[in-house]
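Trainee: So that we are looking at the same thing, I have put the structure below in structure tokens.
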Amino acid sequence: MIEVPDLSFAALAPLLLVLGAACLGVLVEAFAPRDVRHPVQVTIALVGTVGALAATLLLTVDFERTVTAGGALAVDGPALFLQATIAGLGALSILLFAERSLDPARSAFVVSAAVPAGSPRDRELLTTPRVQTEVYPLATFAIGGMMLFVAANDLLIMFVALEVLSLPLYLISGMARRRRLLSQEAAVKYFLLGAFASAFFLYGLALVYGATGSVRLSEIREAASVDGSGTLLLLGLGLLIVGLLFKASVAPFHTWTPDVYQGAPTPVTAFMAACTKVAAFGAILRLLYVAFGTAEWTWRPLIYAVAIVSMVIGAVLGLTQTDLKRMLAYSSVAHAGFLLTGVLGLGSGGEGSGLAATMFYLLTYGLTTLGAFAVLTLVRDGDGEATHLSQWAGLGARSPLTAAVMALFLLALAGIPLTAGFTGKFAVFRAAIEQGAWPLTVVALLASAVAAFFYLRVIVLMYFSEPVPDGATVGVPGIPTTIVLAVTATATLALGILPGAVLDLAEQAARFVG
Amino acid sequence: MSASLYLVAMIGVPAVGAAVVAALPRERSLLAKQVTLGVSLVVLLLAVLATVAFDVDGDRFQLTSSISWIPDFGAEFALGVDGIALVMLLLIGVLVPLVVGASWHEADAGPRPPRVFFAWLLLLEAMMVGVFAATDVLLFYVFFEAMLVPMYFLIGSFGGPRRQYAAVKFFLYSLVGGLIMLAAVIGLYVVSTSQLGEGTFAFDALRQLDIDPDVQKLLFLGFFIAFAIKAPLVPFHTWLPDSGAEAPIGGAVLLVGVLDKVGTFGFLRYCLPLFPDASRFFAPLVLVLAVVGIIYAALLAMGQSDMKRLVSYTSISHFGFIALGIFAFTTEAGTGAVLYMVNHGIATGLLFVVVGMLIARGGSREIGDYGGVAKHAPKLAGAFLVAGLASLALPGTNSFVSEFLVLIGSFDARPVFTIVATAGIILAALYILLMYQRTMHGPPRGVLLVEGEDEPAVSPPTRGGGATALAAAPAPARAALRVRDLDRRELAVVAPLIALIIGLGVYPQPLLDLIEPAVSATISDVGADSGGTDR
């Protein structure tokens, strides 16, 4: 007889909302007439994500940590905090997707992705007013996958979530309207390397199952605390970590990041940079502390080394970039290293402020990087977005407001006080030093200084250089992008000046359920 | 704890003023200047009122106010001043309105609207007040770092020809120092967590900690390197000549007059009381750096042909004296060092302002482009002379008192260092008087020279750039200098500074009364010889 697993629908409401919106979006795509599809799809996606955000916030009101769906999902503080973060950032990304007044062709996405790039049909479609609407259900599925990822209490669920979030991302990375070949190359590269990473994860899962006889995180923990040094277990753990670090774009598993960030349509890049990072770190935290918390000596040195490599590679290679999207990609690699500093700032028993600090950092980094990419969509030349550094010269004189907002985001990424970036950095560094990881913190501080140089370079170009004659122009953003910029800029300042309330929230949320 | 609003207002008023000025329409630049001047005068008034309210014999920190800021970090928005911080606030209050006056036409010719310049200036003032008034280490750190941003934009947007390089160099040097300090700040917090059970950044609580000597050394170095870059002491100084030379005059005055004092202020406020053992351990090293800096920077100053670079190097030399006074660990030398911080702000401020006025007339920063100015612009030359004499600490000027106190106080404790440092005084006379003589006396020559008496006045100055070709040309027979003397605006800027130089040279007692108790408390924190309290 098959037992029906116990389901707590209240605890699952955020997930159900998002995934339901995604399914509904697919139906709309199939049945609604073309001319109403865009507004309907945007509405559904926004209702799904904003609804999920509201649902997670409601769940925190009378909050009880539970394990539901037959033990496969953990609805605890970190899960809810990260789900809310993903839903919120996801809603902002959807708004960026929906921007229609910047590009003369009225969308950042290709109308028909299957038409070969450069063919007569492609040129014909370039000027058509039709817009691509499949991206909305795809992105919503990805958001659902991410929200599932951070709540997975079971390696198998984690793998399913990984695929649910990854597959739509592979697709929408290839859907840029302009520079289509670059975009398609990015998608293929992302898919191939992502498939490898998934295979690593799956193989690791199999080995861990072989070693412990279970895929449930709590049971793995028990098995690991009895015998944490079995070859099979360690090998499995290593492979699982590799798979997750790939998604989090931690060096040395970062090589896809610059290419994909550059090639993907900028709203998609913003989405990946903000949301995927949150989801991947949510899973890393859960895997390491819930499943392998008692065997931390096995992975701590590894994460320690990887954090250093990631910070150094991100900061140093970021210096040499001349394309803003690639630069922000390396910045993302460096920030992944800073985040791992926070991950290490958590004691094996869950003590220390590392979990709260990492979650807070994810929120601030997500908001800031999303805002920075949103500014990138505004600065354009005749051939779409102008992402080469030299085209930004003198932007401060021509478009003071846009330059000021970008400068704010860059200062925040550099971690200058009174911006959210500083609060986040302070939190993770404090957590790391409290756990005695001060050599790592010193490296992190030096890497911050190096990274600050390339952020500053953009400010120098925008403000202290004379405008170039064939420089970029700044488009007038429509309502969606304006909302995104207003929200992210306000949050970046507010979390820098008065972060108390949100830090408090993160602190309260920072306990895993086993 | 009674809440006093003076300090909050001194941060809030300029911050709000900055927002107002930035929001003014582009064409209302006169209004922007007037608002800026008004706001800076209000801050001066507040500083004076705060001084009146300050009780010299009262608690160490007064005018305190505090409100919970980031409870999770144990950080408070806590303000308060001791005598040292108070005189620095007075210095800020005095300098900023004068800088506004001196920079009245600074941004008029540039591509960027003047209101931006003045908005950054006011924001900088708010942050400078915050740095000196913070009694919470994290709050101090936040102001310490955030202060870079307005100065970075002032140098980068309104500076000389190499402003991009100078601005980035300034920012990165300070940022690296700041990040090293951040590690130490967090380290201090962790120590406080383990000793007090709950982490705190409150200065008074941190002062009570009993830190292991080895940990102290590391933390001391973290703070020290940041302050030594800021102050700047010799191996960390290379950013200052670039920034000082490329910054607009107003920015340069505040940079060496106030911003760099945060470094020496930090030695006194944080390094000495928080890490007394480490301070004693490292004192010989710091003294070596200080004395080397005094001599080395003075020699470099003599070799400069660019007036703004020259003044920057003189400042590095003077910062050596201040560091010497602080790390001699006597009340007398310490008091002298703090007074030196104020006097240097006034004297070097005036020197920068006058040099700026000369540059505004000639359009060149090179000493060789000027000559015989005194005959045609006696007021300008007079102000230049007073500023120069104050810089070389002639008796009767304010700097003499402080330099004398530093040397007397240090001699008791560290005779050898003091004797070497004294050589710096002779070098100071050389570099100042040589610059004065070359530009102000001798035959008329250089960029201000025009043929004939009927020519129109000098064309509007261009930014930076040497017009040395003109200087090289042989002087025609009926050549004459056409140079405006100081106008009323410029006199109004120069006169208060000259009055302060003479006034504080003759009667420094009120400032000494403010400074001495705070310094003596600091020195007793270090536990070294607390020195004679008689002056």
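What follows is calculated from the coordinates using simple rules that are stated; it is not laboratory data. Predicted model only: the values in this text are computed from it and were never measured. Glycine gets a Cβ as well: all are built from the backbone with ideal geometry, and neighbour counts include every protein chain shown.
Trainee: Relative to the longest principal axis of chain A, what angle (0 to 90°, nearest 10) does the C-alpha long axis of helix A:324-343 take?
Mentor: 20 degrees
Trainee: How charged is the neighbourhood of residue A:384? Take every other residue with its Cβ under 11 Å from the Cβ of residue A:384, and add Lys/Arg as +1 and Asp/Glu as -1.
Mentor: Local net charge: +1.
Trainee: How do B:441, B:376, B:344, B:237 rank when sorted from fewest to most other Cβ atoms within 10 Å of their own Cβ?
Mentor: Ordered by Cβ neighbours within 10 Å, fewest first: B:441, B:376, B:237, B:344.
Trainee: Only helical DSSP H runs with n ≥ 4 go in: add -39500 (n - 2.57) per run for chain B, normalise by residue count and round the 222 nm mean residue ellipticity to 500 deg cm²/dmol.
Mentor: Only helices count here, giving -22500 deg cm²/dmol.
Trainee: Next question. Using θ = phi - 60° and the Karplus form 6.51 cos²θ - 1.76 cosθ + 1.60, what ³J(HN,Hα) does each residue of segment A:260-271 get, whole Hz, x for Gly and Pro?
Mentor: Rounded to whole hertz, the list is 5, 4, 6, x, 5, x, 4, x, 5, 4, 4, 4.
Trainee: Enter the Cα centre distance for the pair segment B:361-432 and segment A:244-318, rounded to the nearest angstrom.
Mentor: So the two Cα centres are separated by 57 Å.
Trainee: Further question on the same structure: As a test of the formula, what do you get for chain A when each DSSP H run with n ≥ 4 contributes -39,500 (n - 2.57) and the sum is divided by the residue count, at 222 nm and rounded to the nearest 500 deg cm²/dmol?
Mentor: Computed mean residue ellipticity for chain A: -23000 deg cm²/dmol.
Trainee: Give the long-range amide H neighbours of residue B:78: residues separated by 5 or more places, or on another chain, with amide H under 5 Å away, using H modelled in the peptide plane at 1.01 Å from N.
Mentor: Distant-sequence amide H within range of residue B:78: B:67, B:135, B:136.
Trainee: Sticking with this structure for a sec: So, counting K/R as plus one and D/E as minus one, what does the shell of residues with Cβ under 12 Å around residue B:57 add up to?
Mentor: -3
Trainee: If you plug each phi of segment A:70-81 into the Karplus form 6.51 cos²θ - 1.76 cosθ + 1.60 with θ = phi - 60°, what whole-Hz ³J(HN,Hα) values come out, in order, with x for Gly and Pro?
Mentor: For segment A:70-81, the Karplus curve yields x, x, 7, 10, 10, 9, 10, x, x, 4, 5, 4 Hz.
Trainee: Please compute, for peptide B:175-186, the average count of beta-carbon atoms on other protein chains lying within 10 Å of each residue's beta-carbon.
Mentor: The mean count of partner-chain Cβ atoms within 10 Å per residue comes to 6.
Trainee: Something else: Provide, for chain A, the number of lysine pairs with alpha carbons under 17 Å apart, each pair being eight or more places apart or on different chains.
Mentor: Going through chain A pair by pair, I get 5.
Trainee: Here is a follow-up. By counting other Cβ atoms within 10 Å of each Cβ, how are A:27, B:299, B:504 ranked from fewest to most?
Mentor: A:27, B:299, B:504
Trainee: I would also like to ask the following. One quarter of the convex hull surface, Cα atoms only: what value does that give for the protein assembly as shown in nm²?
Mentor: Reported value for the Cα convex hull: 44.6 nm².
Trainee: If you don't mind, there's one more thing I want to ask. Between helix B:29-53 and chain B, what is the angle of the helix's C-alpha long axis to the longest principal axis, kept within 0 to 90° and rounded to the nearest 10?
Mentor: Once rounded, one gets 40 degrees.
Trainee: If you add up the charges near residue A:474, with Lys and Arg at +1 and Asp and Glu at -1, over every other residue whose beta carbon is less than 15 angstrom from its beta carbon, what do you get?
Mentor: Result for the neighbourhood of residue A:474: -3.
Trainee: Less than 22 Å apart at the alpha-carbon level, and either on another chain or at least 8 residues along: which lysines does that give for residue B:308?
Mentor: B:169, B:230, B:261, B:379
Trainee: Return the long-range amide H neighbours of residue A:511 (sequence gap of 5 or more, or a different chain), with a cut-off of under 5 Å between placed amide H atoms.
Mentor: A:77
Trainee: Here's another thing I want to ask about it. For helix A:400-414, what angle does its Cα long axis make with the longest principal axis of chain A, in degrees from 0 to 90 and rounded to 10?
Mentor: 20 degrees
Trainee: Sorted by average packing, counted as other Cβ atoms within 10 angstrom per residue and highest first, what order do B:242-248, A:391-397 take?
Mentor: The densest-packed peptide leads the list: B:242-248, A:391-397.
Trainee: Using Cβ counts within 10 Å as a stand-in for footprinting exposure, how do B:419, A:94, A:241, B:155 rank, fewest first?
Mentor: B:419, A:241, A:94, B:155
Trainee: Determine Rg/Rh for chain B; Rg is computed over alpha-carbon atoms and Rh is the Kirkwood hydrodynamic estimate from the same atoms.
Mentor: My calculation puts Rg/Rh at 0.97.
Trainee: Mean separation of Cα pairs under 8 Å and 6+ residues apart, divided by the residue count of chain B: what relative contact order is that in percent?
Mentor: 15 percent
Trainee: Around residue A:416, which amide H atoms from residues at least 5 apart in sequence, or from another chain, sit under 5 Å from its own amide H, with H modelled in the peptide plane?
Mentor: A:422
Trainee: State, to one decimal in nm², a quarter of the convex hull surface area for the C-alpha atoms of segment A:268-311, i.e. the direction-averaged projected area.
Mentor: Averaging across all directions leaves 3.5 nm² for the Cα convex hull.
Trainee: May I pose another question? Each residue of segment B:172-181 in turn: what ³J(HN,Hα) in whole Hz from Karplus with 6.51, -1.76, 1.60 and θ = phi - 60°, glycine and Pro shown as x?
Mentor: The phi angles translate into 5, 4, 5, 5, 4, x, x, 5, 4, 5 Hz.
Trainee: Pairs of Cα atoms under 8 Å, at least six residues apart: use those to get the relative contact order of segment A:9-509, whole percent.
Mentor: 15 percent
Trainee: What is the Cα radius of gyration of segment A:9-509 over 2.2 N^0.38 Å, N being its residue count?
Mentor: Segment A:9-509 yields a ratio of 0.92.
Trainee: Figure the gain on full extension for residue A:482 and residue A:178 (residue separation times 0.36 nm, minus the Cα-Cα span) and round it to one decimal in nm.
Mentor: 107.2 nm
Trainee: I would also like to ask the following. Report the calculated FRET efficiency for residue B:499 and residue B:422 (r = Cβ-Cβ distance, R0 = 35 Å), to the nearest 0.05.
Mentor: Approximately 0.75, to the nearest 0.05.
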